[in-house]
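> I am attaching a structure below and will ask some questions about it afterwards.
The values are calculated or read from the model by the stated rules, or taken from the named source; none is laboratory data. Model, not experiment: these values are computed from the prediction. In this analysis, Cβ positions are derived from the backbone assuming ideal geometry, glycine residues included, and neighbour counts consider all displayed protein chains. Surface accessibility is based on the protein's heavy atoms, side chains included, excluding ligands, DNA and RNA. Shrake-Rupley method; radii C 1.70, N 1.55, O 1.52, S 1.80 Å.
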Amino acid sequence: DVVIIKVTLKDKEYDFIKRVIALPGEHLEIKNHKVYINGKYQTLLASSLFYFRIPRERWNDRMKLLKTAGYQAIDVYFPWNYHETAPDVWDFEGNKDVESFLKLAAENELFVIARPGPYICSEWDGGAIPAWLSEKKVAVRQDDPGFLSEMRNWYAHILPVLSKYQIGQQGTIICMQIENELDFYRCTSPVSYMEKLKKMAEEFGMTVPLFYCCGQNDLLRGGGLTPDLYTAYNVYS
């Protein structure tokens, strides 16, 4: 069962998850701007935890530290160019072992917000879009057949792993982000582009809620008119 801790802050009561390990049949739903897990409204505290910036031998310790600090979820980028190091040369071993990372998250009872791009920003080289695409004259982050073909190849390698570790299956992934801050980029057709990425994600088995991140509150350029894609915002102080 999920154990709920009730915390009162400034005379307002909040519910926090204590035990979050996913079991077969569990599900997540977003409605009325709220997150419901197995029908219960939940307030989730999430921290970024990137496997590609932490030695593998420390993954487990970092997750336990987050649990101790009161977090119940982590958000994780999956950098395309970290795994496809050259055209069709793939590496998911050692520190790049995504499956082991997601398995550890489930064992530590941490929900996962999965963010496989294609673009991740994160002050990462090229935002994780492979540099060699420029030599192919591919129009990146566009509704372009060449780019979408390369994207499908990336999704074909990463999404079967993410799908396997969704909530209710073998893991704790509760949602997935399509693209990242597209409104900072000059995408000529953001809606059709995002629609095709969303359809691709569903074809590869993603059933959890899918969302996009609006970087500067420009919903139109960010893909905000894409049907059935949830909106998330950057919030700057």
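> In segment 106-144, which residues have a backbone nitrogen under 12 Å from the label point lying 7 Å from Ser189's Cα in the Cα-to-Cβ direction?
142-144
> Please calculate how many Å² of accessible area the chain carries per residue, with a 1.4 Å probe and no DNA, RNA or ligand atoms counted.
With all protein chains present, the chain gives 50 Å² per residue.
> Let's see if you can work this out: charge +1 on each Lys and Arg Cβ, -1 on each Asp and Glu Cβ, no other charges. What is the dipole magnitude of segment 65-173 about its Cα centre, in debye to the nearest 20?
It comes to approximately 240 debye.
> Run the dipole for segment 124-237 about the Cα centre, Lys and Arg Cβ at +1, Asp and Glu Cβ at -1, nothing else charged, and hand back the magnitude in debye, nearest 20.
Here the size comes out at about 140 debye.
> I need the shape label for segment 130-237. Rule: rounded when a/c is under 1.5, else prolate if a/b > b/c, else oblate, with a, b, c from the alpha carbon gyration tensor.
Oblate, because a/c is 1.5 or more while a/b does not exceed b/c.
> Additional query: Among Pro55, Ala105, Ala131, flag the residue with its Cα farthest along the positive direction of the charge dipole of the chain, charges on Cβ as +1 for Lys/Arg and -1 for Asp/Glu.
Of the candidates, Ala105 comes out farthest on the positive side.
> OK, next. Once the other residues with Cβ under 14 Å from the Cβ of Lys196 are scored (Lys, Arg +1; Asp, Glu -1), what is the net sum? Intermediate values should be presented prior to the final figure.
Numbers: positive: Arg141, Arg152, Lys198, Lys199; negative: Asp143, Asp144, Glu150, Glu179, Glu195, Glu202, Glu203, Asp228.
The answer is -4.
> Which percent of the accessible area of the chain is formed by carbon and sulfur heavy atoms (probe 1.4 angstrom)?
51 percent
> Further question: If I model a spin label at Leu44 and Lys103 as a point 7 Å from the Cα along the Cα→Cβ vector, what separation in nanometres do I get?
Taking the simple label geometry, Leu44 and Lys103 are separated by 2.3 nm.
> Where does the charge balance sit around Tyr82 when Lys and Arg score +1, Asp and Glu -1, over other residues with C-beta under 11 Å from its C-beta?
Net charge in that neighbourhood comes out at -1.
> Would you count, across segment 89-237, every pair of lysines whose alpha carbons are under 30 angstrom apart, provided the pair is eight or more residues apart or spans two chains?
19
> Right, next: Count charges around Arg186 for me, please; just the other residues with Cβ under 15 Å from its Cβ, Lys/Arg as +1, Asp/Glu as -1.
Values: positive: Arg141, Arg221; negative: Asp143, Asp144, Glu179, Glu181, Asp183, Asp218.
Summing Lys/Arg as +1 and Asp/Glu as -1 gives -4.
> Which whole DSSP H helices in the chain pass both tests: a Cα extent of 24 Å or more along the axis and a mean Kyte-Doolittle value no lower than 1.0? Intermediate results must be reported in sequence, preceding the final value.
Details: long enough: 145-164 (28 Å, 0.03).
For the chain, where a helix must reach 24 Å along its axis and average at least 1.0, there are no hits.
> To continue, here is another question. To the nearest 20 Debye, how big is the dipole of segment 155-201 about its Cα centre, given +1 on the beta carbon of each Lys and Arg and -1 on that of each Asp and Glu? Numbers along the way, then the final one.
On the way: 5 positive and 4 negative charges, 40 e Å.
So the magnitude is around 200 debye.
> So which aspartates and glutamates pass the test for Lys64, namely a Cα distance under 14 Å, with those fewer than 8 places away in the same chain ruled out?
Hits, sequence-local ones excluded: Glu107, Glu109.
> I've got another one for you. Testing the spin-label approximation: label points 7 Å from Cα along Cα→Cβ at Tyr236 and Glu202. State their distance in nm.
Taking the two extended label points, one gets 3.4 nm.
> Taking the Cα-to-Cβ direction at His33 and at Ala139 and moving 7 Å from each Cα, how far apart do the two end points lie in nm?
Placing both labels 7 Å beyond Cα along the Cβ direction yields 3.7 nm.
> Using the Cα centre of segment 44-119 as origin and beta-carbon charges of +1 (Lys, Arg) and -1 (Asp, Glu), tell me which of Leu45, Tyr119, Pro79 is placed farthest towards the positive end of the dipole.
Leu45
> If you take Rg/Rh (Cα atoms, Kirkwood Rh) from the coordinates, which of (i) 0.96; (ii) 1.03; (iii) 1.01 do you get?
Correct label, based on the coordinates given: (i).
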